[in-house]
Amino acid sequence: MKKKLVLGTTVAAVLAAGTFGAVSANASAPAAAPAAVVKADAGNDNLFQTNHLTVEAATDAAEAVLDAAAKENQRVSVAVVDRNGNTIVTLRGDGAGPQSYESAVKKAFTAVSWNAPTSELVKRLEQAPNLKDIPGTLFLGGGAPVTAKGGPIAGIGVAGAPSGDLDEKFARAGVAELAK
């Protein structure tokens with residue numbers, strides 16, 4: 001009887017700690033862009049709901065990127081990040097260079113942070129050259145935002161092709177996969 005009580009108490013404590021950790025993590029997450037926010041409880045201004053990609057959807061998008069690159073005999077890496085810049089999935093294509101993995105993550109982060117393709121953001125550096133100093137960003141073509149209800153919900157970054165234009169073309173193939 002004592003063993004069952006101790007085991008039951010332990011399980012309850014672990015479940016409570018996990019629930020507290022999940023609630024704490026969600027409560028501390030930065031707010032999403034206003035266009036992507038839907039009130040979850042009209043009577044409570046402290047709550048909001050945002051749209052997020054599933055791991056399955058992010059993986060489908062990443063695989064679409066690798067397929068598009070393979071059709072053009074390009075070896076790339078792809079990263080899909082959520083609205084907060086957290087990596088959902090990364091895939092390093094066969095033969096992709098070692099630098100491409102990290103570059104893909106940074107391009108995805110940059111695209112979702114400014115809700116713009118990274119090729120457009122490169123142009124903004126002319127007016128604000130210190131943008132490139134923001135940690136975790138990479139202002140090279142190859143990143144594309146994913147939007148829902150007018151706001152950014154994810155970013156797709158691709159690196160490894162000979163040009164940022166090709167990287168971004170492949171990233172857009174991932175965005176198109178999500179639109180199906």
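Summing charges over neighbours of Phe139, with a neighbour being any other residue whose Cβ is under 12 Å away from its Cβ, gives +2 when K and R count +1 and D and E count -1. Taking every alpha-carbon pair in the range 67-180 and binning the separations at 10 Å intervals from zero gives 17, 51, 28, 4 percent.
Residue by residue, the range 165-180 carries 3J(HN,Hα) couplings of 4, 5, 4, 5, 4, 5, 4, 5, 5, x, 4, 4, 4, 6, 7, 5 Hz when phi is fed to the Karplus relation 6.51 cos²θ - 1.76 cosθ + 1.60 (θ = phi - 60°); x denotes Gly or Pro.
Annotation: aspartates and glutamates with alpha-carbon distance below 14 angstrom to Lys132 (same-chain offsets under eight excluded): Glu120. Sorting the segments 47-55, 89-97, 125-133, 140-148 by their mean number of nearby beta carbons within 10 angstrom, highest to lowest, gives 140-148, 89-97, 47-55, 125-133.
A short reminder: the numbers here are calculations on the coordinates, not readings from a lab. These figures come from a predicted structure and were not determined experimentally. For neighbour counting, all protein chains shown are included, and Cβ atoms are generated from backbone atoms with ideal geometry for every residue, glycine included.
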